[in-house]
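A.B. asks: Sending over a structure as structure tokens; questions will come in a sec.
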Amino acid sequence: MLQIKVPTVGESISEVVISRWNKKSGDYVEMDELLCELESDKATFELNAEAAGVLTTKGNEGDTIAIGELIAEIDTDAKRPEGATVPEPKAAAKESPKAETKAEKEDTKTTYASGSAGPAAQKILAEKGIDAKQIVGSGKDGRITKIDALKAELKVTSNETKGRNDRTEKMTSLRKTVSRRLVAAKNETAMLTTFNEVDMKPIMDLRNQYKAQFKETHGVNLGFMSFFTKAVCVALQQFPAVNAYLNGEEIIYHDYCDVSIAVSAPKGLVVPVIRNAESLSLAEIESEVMRLAGKARDNKLSLEEMTGGTFTITNGGVFGSMLSTPIINPPQSAILGMHNIVERAVVQNGQIVVRPIMYVALSYDHRIIDGRESVGFLVKVKQCLENPTLLLTQGTDPNKLLLGL
Amino acid sequence: MKYDVTVIGSGPGGYVAAIRCAQLGFKTALIEKYSTLGGTCLNVGCIPSKALLDSSEHYHNATHTFKTHGIDIEGVQVNLQQMIERKNGVVKITCDGIDFLMKKNKIDVYKGLGSFVNKNTILVSGETEQQIETDKVIIATGSKPSTLPGLAIDKTRIITSTEALKMTEIPKHLIIIGGGVIGLELGSVYARLGSKISVIEYTNTIIPTMDGTLSKELQRSLRKLGFEFFFNHKVKTATNNGGDVTVIADNEKGEEVSFSGDYCLVSVGRKPFTSGLNLEAAGVKLDERGRIETNAHLETNIPGIYAIGDVVKGAMLAHKAEEEGVFVAETMAGQKPHINYNLIPGVVYTWPEVAGVGATEEELKKSGKKYKMGSFPMRALGRARASMDIDGLVKILADEETDEVLGVHMIGPRVADLIAEAVVAMEFRASAEDIARMSHAHPTYAEAVKEAALAATGNRAIHM
């Protein structure tokens, strides 16, 4: 008897949720066959059979199980059922009487009779105007019984009255974590938000001019994300408190910028990290963003890829947000919110001109970041974006640099 | 008086419709032109013929099988008058039962001929004349025996089923024109009582709408009883010569042949009966075969007027009429009932009995559907041997691919009752294997159904 325990899946993870059993108790499993999918606070994992044998599961879908706890047993002494798998099964399957195997299967399989209603059920359905095809029959081979028809009636009447159905669903592990951490961030930090606006014309001009060449040279599209990440890195290095963690009575400063990017994934919001973003080129940042966003969409992000950011960028603009206040992702101290780009009437050099404007918001923990730093940080980001050459000079005026001032 | 529903005709279609209407809260009237309720079925059809069939079967057993059973009796005599009396008693009790049911359901019964004044007014002409107002009407006037051109029914020697149920003597030679259900049942009665029976049939088989195996098996059994069959014969005339009857027909070669007997039963089918209804006053249309034309809801061309049973299209069977009576009543109440016409069983009360439901093998062959066939003979059953009723078989036709039962055909003792199992199975779209896997009590005739189902499933009957 081989015991299968929940493996350690990452630092700080103490429990997982069984999200789906791919095999059930009594099934004969082959080595390396997928047994079940587990879900932690941050990611989904697969658990495979370590040996072949008959499976006994411990725990149901939705159960929370601690790391190291027994989740299944495999009876490795059990015989591989005849006709079940790889080696020489086909001959054996043929020998068993045809009619017999058919009958066994019929209880679970859809047959010619599935969905056919008996006389009483047929009348009830006709009167309720329900097509038998819309109903899953509970009778033998999926036949629609009288009670199926009666129940179908109830369901439809409730639907017909302006859809006031309530649906209760268990929170996923990810959602529970998100909820706990957001409340903690709100309650345990002195969070406030500062705003600014960015004239996006210089970047857009630059993009329009070079995007084809950029793609040709680097193999990735030139987006806004790289400019923002780069601008943030410049500002972070100038205002280290924004890039710091508060740890009890100590402040931990980072001399690198690990920028977390908030991505909307099928199972919820995930924040993969771009490591050492300060030392990456625009092209490197773009390809890293592409890679991480793709993995997020496919639920393939590893735990490592999602932990340890020092600052977060979130882009509500993709959903059409004009302005909103992001919430800090602890233990980080600040988060930059990007928004949509809208053509607005602005005054430049005494003239009213139309410019593509993006409002930006920086939420920060006032306990370690002063107003001067937060506002200065955001202004620096704004300057770098409105004058992308500054990204080359780490924010210093190139002319001053030239003159050695 | 004003009614929600008026039913014209009190046969199994009409009186059942009336009861269902009353159950559904309609104020209901029932009109019957004869003195007793129940229509053809109760008075001159199903019930009296079964009474005589049972009586004659007892006589047949007393003279043929008792000896083998170890019962010696001398001087067994037919008392035809008593037989007819008993039959009349059975009919009376049954008809009185309908009277009781009408009272119980508070249905007003009007005795007299019902005819339309307009679509909402019915004139009842009985001992007195009265008009009743009605919101809706159900026409259930049934059918009458039909005849052939050149055949004048005189009701003395050239008779219909009605007269055959009240004979004063046992025919020496009964000539039966038509090899359908009625002729064979009544022929069986008199064959058992000693008559010579000659069946003259236009087609090449008896009970032509049923599965071919059944008609072949039944022919064999009836021949043993003394039936003689003349197929492909076209009857031209029948003449009452006073003391006997001469029937002239063309045989299969077109030669004229003559039959002589003391009675001639004309049983060539029945025709819908609508005369006296004055349908024109309501505007109700008939089809080209004299049936009342109805739509899928059994409503006529005049909204609010429905028709059911023998007077509309479909098999002329009491149980079909009953289903239609319920169907119409429920339809009028806004419900949506359904009748599966394919699953109305056909039954013949000869001995052995014959019954079938669903598709016949001939129909399946014609449609090109792939099917499997399993059959099982009654003689292989312990129950059949114990009672010496060994004629017959059960035959099950199932879809070759899905195993769904498509038709069940039986001939044997009490198969008119056994067919109910097949109807239930088919209403729920059972497979042959489903039936084969259900426990059937032992020893019974029903075991033949299970065995035939095993045979149809995979040629694995146990007792063969």
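Where a number appears in this text, it was derived from the coordinates with a stated rule and is not lab data. Given the structure is predicted, the values throughout are model-derived calculations rather than measurements. Every residue, glycine as well, gets a Cβ built from its backbone with ideal geometry; the counts of neighbours run over all protein chains shown.
A.B. asks: How crowded by other chains is B:452-462, given as the mean number of beta carbons from other chains within 10 Å of each beta carbon?
C.D. replies: Working: counts 0, 0, 1, 0, 0, 3, 5, 1, 2, 0, 0.
Taking all residues of B:452-462 together, the mean is 1.
A.B. asks: Rounded to the nearest 0.05, what FRET efficiency do A:Met322 and A:Lys24 have when you use their Cβ-Cβ distance and R0 = 41 Å? Mind dumping the intermediate values first?
C.D. replies: On the way: r = 50 Å, r/R0 = 1.23.
Efficiency at R0 = 41 Å is approximately 0.20.
A.B. asks: GNM on chain A, C-alpha springs below 10 Å: top fluctuator among A:Ala51, A:Ala121, A:Ala190?
C.D. replies: A:Ala121
A.B. asks: For a Förster distance of 41 Å, can you work out the FRET efficiency between the beta-carbons of A:Gln213 and A:Thr172, rounded to the nearest 0.05?
C.D. replies: Values: r = 44 Å, r/R0 = 1.07.
For A:Gln213 and A:Thr172, the calculated efficiency is 0.40.
A.B. asks: Between rounded, prolate and oblate, where does chain B land on the alpha carbon gyration tensor, with a ≥ b ≥ c its root eigenvalues, rounded for a/c under 1.5, else prolate if a/b exceeds b/c? Walk me through the numbers before you get to the answer.
C.D. replies: Working: a/c = 1.66, a/b = 1.22, b/c = 1.37.
Judged from the Cα gyration tensor, chain B comes out oblate (a/c at least 1.5, b/c at or above a/b).
A.B. asks: Please return the longest range in chain A lying between exposed loop sites, taking GluC sites (Glu not before Pro), DSSP loop only, at most 11 other beta-carbon atoms within 10 Å, and leaving the sites out. The partial results should precede the final answer.
C.D. replies: Values: sites that count: A:Glu11, A:Glu169, A:Glu249.
My reading of the result: A:12-168 is the longest stretch.
A.B. asks: Straight-line reach only, C-alpha to C-alpha below 17 angstrom: list the lysines that B:Lys253 could link to, leaving out same-chain residues fewer than 8 apart.
C.D. replies: B:Lys234, B:Lys236
A.B. asks: In the structure displayed, which of A:Lys58/A:Lys79; B:Lys144/B:Lys369; A:Lys24/B:Lys450 lie more than 29 Å apart, Cα to Cα? Working shown, then result.
C.D. replies: Working: A:Lys58/A:Lys79 21 Å; B:Lys144/B:Lys369 37 Å; A:Lys24/B:Lys450 37 Å.
Exceeds cut-off: B:Lys144/B:Lys369; A:Lys24/B:Lys450.
A.B. asks: Specify the inter-centroid distance of the stretch A:358-405 and the stretch B:83-149, based on alpha-carbon positions, in whole Å.
C.D. replies: Computed from Cα coordinates, the inter-centre distance equals 103 Å.
A.B. asks: If one computes the Cα centroid of the stretch A:322-357 and of the stretch A:279-315, what distance in Å separates the two points?
C.D. replies: 22 Å
A.B. asks: For the stretch B:158-268, what class follows from the C-alpha gyration tensor (a ≥ b ≥ c being the square roots of its eigenvalues): rounded when a/c is under 1.5, otherwise prolate if a/b is larger than b/c, else oblate?
C.D. replies: Working: a/c = 1.79, a/b = 1.14, b/c = 1.58.
Oblate is the answer for the stretch B:158-268, as a/c is 1.5 or above yet b/c matches or exceeds a/b.
A.B. asks: For chain A, find the longest principal axis of its Cα atoms and tell me its angle to the long axis of helix A:225-238, 0 to 90°, nearest 10.
C.D. replies: Around 50 degrees separate the two axes.
A.B. asks: Only counting other Cβ atoms within 10 Å, I'd like B:Arg291, A:Arg80 sorted with the fewest neighbours first. Could you put the intermediate results ahead of the total?
C.D. replies: Details: B:Arg291 18, A:Arg80 15.
Fewest to most other Cβ atoms nearby, the residues stand as A:Arg80, B:Arg291.
A.B. asks: Sum -39500 (n - 2.57) across every DSSP H segment of at least 4 residues in the protein assembly as shown, then divide by the residue count to get the 222 nm mean residue ellipticity, nearest 500. Before the final figure, lay out each step's value.
C.D. replies: On the way: 26 runs with 288 residues, N = 869.
Mean residue ellipticity, 222 nm, calculated: -10000 deg cm²/dmol.
A.B. asks: Among B:Lys87, A:Lys176, which comes first, then next, by fewest other beta-carbon atoms within 10 Å? Could the numbers behind the result be given before it?
C.D. replies: Details: B:Lys87 21, A:Lys176 14.
Fewest to most other Cβ atoms nearby, the residues stand as A:Lys176, B:Lys87.
A.B. asks: Out of the stretch B:48-128, which GluC sites (Glu not before Pro) are coil in DSSP terms and have no more than 13 other C-beta atoms within 10 Å? Spell out each step's value before the answer.
C.D. replies: Numbers: sites: B:Glu57, B:Glu74, B:Glu85, B:Glu127; in loops: B:Glu74, B:Glu127.
Those that pass, being in a loop and sparsely packed, are B:Glu74, B:Glu127.
A.B. asks: Remind me, what semi-axes does the stretch A:181-289 give for its equivalent ellipsoid, largest first in whole Å, using sqrt of 5 times each Cα gyration tensor eigenvalue?
C.D. replies: Numbers: eigenvalues 173, 54, 46 Å².
Its equivalent ellipsoid spans semi-axes of 29, 16, 15 Å.
A.B. asks: Let me ask something else about it. Of all trypsin sites (Lys or Arg not before Pro) in the stretch B:155-189, which ones are in loop regions per DSSP and have a Cβ with at most 14 other Cβ atoms within 10 Å? Show your work: numbers first, answer last.
C.D. replies: Values: sites: B:Lys155, B:Arg157, B:Lys166, B:Lys172; in loops: B:Lys155, B:Arg157, B:Lys166, B:Lys172.
Those that pass, being in a loop and sparsely packed, are B:Lys155, B:Lys166, B:Lys172.
A.B. asks: Once both labels are modelled 7 Å past Cα along the beta-carbon direction, what's the B:Lys234-A:Leu405 spacing in nm?
C.D. replies: The answer from the label model is 12.6 nm.
A.B. asks: Moving on. Quote the FRET efficiency, to the nearest 0.05, computed for B:Arg223 versus B:Lys103 with a Förster distance R0 of 60 Å and r equal to the Cβ-Cβ distance.
C.D. replies: Numbers: r = 48 Å, r/R0 = 0.81.
After rounding to 0.05, the efficiency reads 0.80.
A.B. asks: Ok, one more. With 10 angstrom as the radius, rank A:Met290, A:Met200 by how many other C-beta atoms surround their C-beta, starting from the fewest.
C.D. replies: On the way: A:Met290 15, A:Met200 20.
In order of increasing Cβ crowding within 10 Å: A:Met290, A:Met200.
A.B. asks: A further question follows. Per-residue counts of other Cβ atoms within 10 Å, averaged by peptide: what ranking do you get for B:75-83, A:348-356, highest first? List each step's numbers first, then the result.
C.D. replies: Working: B:75-83: 11.9, A:348-356: 10.3.
Ranked from most to least packed, the peptides come out as B:75-83, A:348-356.
A.B. asks: If you don't mind, another one. May I ask for the distance between the Cα centers of the stretch B:339-385 and the stretch A:5-40, given as a whole number of Å?
C.D. replies: Their Cα centres are 56 Å away from one another.
A.B. asks: If I build a Gaussian network model for chain A, linking alpha-carbon pairs within less than 10 angstrom, which residue out of A:Gly395, A:Gly139, A:Gly337 has the largest mean-square fluctuation?
C.D. replies: So, out of A:Gly395, A:Gly139, A:Gly337, the one fluctuating most is A:Gly139.
A.B. asks: Here is a follow-up. For the stretch B:128-209, which GluC sites (Glu not before Pro) are both in a DSSP coil and crowded by at most 11 other Cβ atoms within 10 Å?
C.D. replies: Numbers: sites: B:Glu129, B:Glu133, B:Glu163, B:Glu169, B:Glu185, B:Glu201; in loops: B:Glu169, B:Glu201.
Passing sites in the stretch B:128-209 are B:Glu169.
A.B. asks: Tell me the label-point distance for the pair B:Ala152, A:Glu127, using the 7 Å Cα-to-Cβ offset, in nm and rounded to one decimal.
C.D. replies: That separation, rounded to one decimal, is 5.6 nm.
A.B. asks: Please work out how much length the chain gains when fully extended from B:Ser387 to B:Asn342, using 0.36 nm per residue of separation minus the C-alpha to C-alpha distance, in nm with one decimal. The partial results should precede the final answer.
C.D. replies: Working: separation 45, 0.36 × 45 = 16.20 nm, distance 3.31 nm.
Result for the pair: 12.9 nm of gain on full extension.
A.B. asks: Using the alpha-carbon atoms, what tilt in degrees (0 to 90, nearest 10) does helix A:119-128 show relative to the longest principal axis of chain A?
C.D. replies: 30 degrees
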